[in-house]
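Notes follow the structure.
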Amino acid sequence: MTQAIRETDLYQPVKMFFEAQGYEVKSEVCGCDVVAIKANNPITIIELKTRFNLELLLQGVDRLSYSNTIYLAILESPNSGLKNRLNKVKKLCYILGFGILLVTIPVDKVGYVTTILEPASSRLSNNKRKSKKLSKEFQNRCGDLNTGGSTRIPIMTAYRQNALRVLNSLQNGRKTVAELREQTGINNIGNILQRNFYGWFLRTERGVYELSTEGLKTTQKYAHVIRELTIPYK
């Protein structure tokens with residue numbers, strides 16, 4: 001029996017499609033399934049769904065607050081919600097300003113993407129503050145450690161990556177804030193330690209920290225991620 005295709009299965013073909021055009025692609029950024037950025041081009045946002053439905057349209061409308069270049073990527077299948085009404089879907093998406101990508105995933109083969117409709121100018125203007133926030137989060141992340149379309153799993157945000165850098169530095173024993181700042185290159189490290197959002201750190205005395213029991217457990221859980229976080233914070 002063929003395993004059902006999930007939203008996360010659409011991510012790699014979409015990522016490869018935009019990377020082939022010179023975009024840098026990252027997933028799950030500020031709630032967006034996929035974000036693609038290229039010099040001298042607007043931020044491009046892609047929402048993934050295995051079928052066309054109202055939820056996908058509402059996600060697209062919400063993403064217009066970040067950018068006016070929005071694609072809806074839909075799985076090509078008999079259950080996609082596109083059969084026999086593609087022209088109507090294209091007309092609706094054109095009115096809203098959305099592009100449409102059709103993702104084909106053959107059995108035991110690499111999927112590929114076909115452009116059905118390019119994004120058009122939307123009547124809705126994006127929020128410059130939210131757009132700047134999205135761009136900053138994208139640039140501050142090291143690599144692409146998430147999978148677009150994921151649900152109910154922790155997202156590897158720039159903040160979490162920095163907290164893991166601090167955790168990695170503390171594996172060799174307690175350190176001062178100054179030592180940690182020098183080793184990690186994170187300027188706002190004091191805020192990360194004091195906030196201690198994940199409960200990974202313990203303050204042993206003023207300005208000195210070590211790992212908590214939870215922090216020690218996390219070094220094993222995220223060992224594979226920590227190995228990739230070798231690029232200094234910028």
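Quick look at the values:
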| quantity | calculated |
| --- | --- |
| Checking THR50 against (1) of a type in the set (S, T, N, Q); (2) more than 23 Å from LYS109 (Cα to Cα); (3) crowded, with 19+ Cβ neighbours inside 10 Å; (4) in contact with a Lys or Arg (Cβ under 8 Å, 6 or more places away or on another chain), the condition it does not meet | (2) |
| Which listed residue, of GLN139, GLN171, GLN194, is closer than 22 Å to TYR23 by Cα, assigned to a helix (DSSP H, G or I) and not assigned by TED's automatic domain parsing to the domain that holds PHE98 | GLN139 |
| Of all residues in the range 28-47 being assigned to a loop (DSSP other than H, G, I, E, B) and in contact (Cβ under 8 Å) with a residue 60 or more places away in the chain, the one that is surrounded by the fewest Cβ atoms within 10 Å (Cβ to Cβ) | CYS30 |
| Filtered residue count, the range 93-124, keeping only those that are of a type in the set (A, V, I, L, M) and either assigned to a loop (DSSP other than H, G, I, E, B) or surrounded by fewer than 17 Cβ atoms within 10 Å (Cβ to Cβ) (or both) | 6 |
| Residue in the range 220-227 that is in a helix (DSSP H, G or I), of a type outside the set (Phe, Trp, Tyr) and over 26 Å from GLN139 (Cα atoms) present | yes |
| Leading residue by the ranking (surrounded by the most Cβ atoms within 10 Å (Cβ to Cβ)) among those in the range 195-234 that are at pLDDT below 95 and among the aromatic types (Phe, Trp, Tyr) | TYR222 |
| Index of the failed condition, ALA158 passing every other in (1) surrounded by fewer than 19 Cβ atoms within 10 Å (Cβ to Cβ); (2) aliphatic (A, V, I, L, M); (3) more than 23 Å from PRO42 (Cα to Cα); (4) free of Cβ contacts under 8 Å to residues at least 60 places away in the same chain | (3) |
| Test for ARG63: is it surrounded by fewer than 19 Cβ atoms within 10 Å (Cβ to Cβ) and over 18 Å from MET16 (Cβ atoms) | no |
| Residue list for the range 20-56, filter: of a type in the set (Gly, Ala, Ser) and in contact with a strand residue (DSSP E or B) (Cβ under 8 Å, 6 or more places away or on another chain) | SER27, ALA36 |
| Residue count, the range 142-162 (criterion: more than 10 Å from VAL29 (Cβ to Cβ) and outside any loop (DSSP other than H, G, I, E, B)) | 4 |
| Scan of the range 161-194 for residues that are acidic (Asp, Glu) and either within 30 Å of GLU47 (Cα to Cα) or crowded, with 21+ Cβ neighbours inside 10 Å (or both), ordered by number | none |
| Residue match in the range 125-139 (condition: exposed (fewer than 14 other Cβ atoms within 10 Å of the Cβ), under 21 Å from THR8 (Cβ atoms) and of a type outside the set (D, E, K, R)) | no |
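The values are calculated or read from the model by the stated rules, or taken from the named source; none is laboratory data. Keep in mind that this is a model prediction, so the values were computed, not measured. Ideal geometry is used to build each Cβ from the backbone, glycine not excepted, and the neighbour counts take in all protein chains shown.
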